[in-house]
Amino acid sequence: MRQVQRGFTLIELVMVIVILGVLAAVAIPKFVDLGSDAKAAALQGVIGGISSASAVNYAARSVTTGNGTAINAGTGCSAAAAAILQGGIPSGYTVSGTTSGTTGTANSCTVTQTSTSNTGTATIISVTP
């Protein structure tokens, strides 16, 4: 009677471990820097939220001046963003710059993450009363 071989040989197991080690060495650097990518994506999300809220505010004020929030000449971008965003500016971010106040003018405001050096530009459309 012949015995049926079961299991793996030591050489097969060692080769699998070596292959897994090589794959791990190649893949780990791709996952190590995900923190900075996530922070950059979060910044872009805040910028998009401010720009979107500004466009909605402008559209609401264009239809009926009683709707939305008036953004007067010289209003700081931080105050304007806090006024048009429900819940205000998220913690960990600052908005700087000054709006022109000319109705329909797109103003570039700088959004900065306070925990990193990441910055980006959001657009706030001026809407005078």
Task: Filtered residues of the range 80-104 (kept if more than 20 Å from Gly48 (Cβ to Cβ) and surrounded by 14 or more Cβ atoms within 10 Å (Cβ to Cβ)) - done: Thr98, Ser100, Gly101, Thr103
- [ ] Could you tell me whether any residue of the range 22-35 is of a type outside the set (Lys, Arg), part of a loop (DSSP other than H, G, I, E, B), touching a residue at least 24 places away in the same chain (Cβ under 8 Å) and out of contact with any Lys or Arg (no Cβ under 9 Å at 6 or more places or on another chain)?
- [x] no
- [ ] For the range 105-129, enumerate the residues that are of a type outside the set (A, V, I, L, M, F, W, C), more than 16 Å from Thr69 (Cα to Cα) and surrounded by 14 or more Cβ atoms within 10 Å (Cβ to Cβ).
- [x] Thr110, Thr112, Gln113, Thr116, Asn118, Gly120
TODO: Please go through the range 1-11 and pick out each residue that is surrounded by fewer than 10 Cβ atoms within 10 Å (Cβ to Cβ) and either assigned to a helix (DSSP H, G or I) or among the hydrophobic types (A, V, I, L, M, F, W, C) (or both).
DONE: Met1, Val4, Leu10, Ile11
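Condition check ((1) aliphatic (A, V, I, L, M); (2) in contact (Cβ under 8 Å) with a residue 40 or more places away in the chain; (3) closer than 16 Å to Thr119 by Cα) across all residues:
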{"position": "Gln5", "(1), (2), (3)": "no, no, no"}
{"position": "Val14", "(1), (2), (3)": "yes, no, no"}
{"position": "Ile19", "(1), (2), (3)": "yes, no, no"}
{"position": "Asp37", "(1), (2), (3)": "no, no, yes"}
{"position": "Ala40", "(1), (2), (3)": "yes, yes, yes"}
{"position": "Ser52", "(1), (2), (3)": "no, no, no"}
{"position": "Cys77", "(1), (2), (3)": "no, yes, yes"}
{"position": "Gly88", "(1), (2), (3)": "no, no, no"}
TODO: State all residues of the range 108-129 that are within 14 Å of Ala41 (Cβ to Cβ), modelled with pLDDT of 80 or more and of a type in the set (Val, Ile, Thr); if no residue qualifies, say none.
DONE: Val111
Task: Selection count, the range 106-123, where residues are among the hydrophobic types (A, V, I, L, M, F, W, C) and more than 19 Å from Ser91 (Cα to Cα) - done: 1
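The values are calculated or read from the model by the stated rules, or taken from the named source; none is laboratory data. Quick caveat: nothing in here was measured; it's all calculated off a predicted structure. Cβ sites come from the backbone with ideal geometry, for glycine too, and all protein chains shown count toward neighbours.
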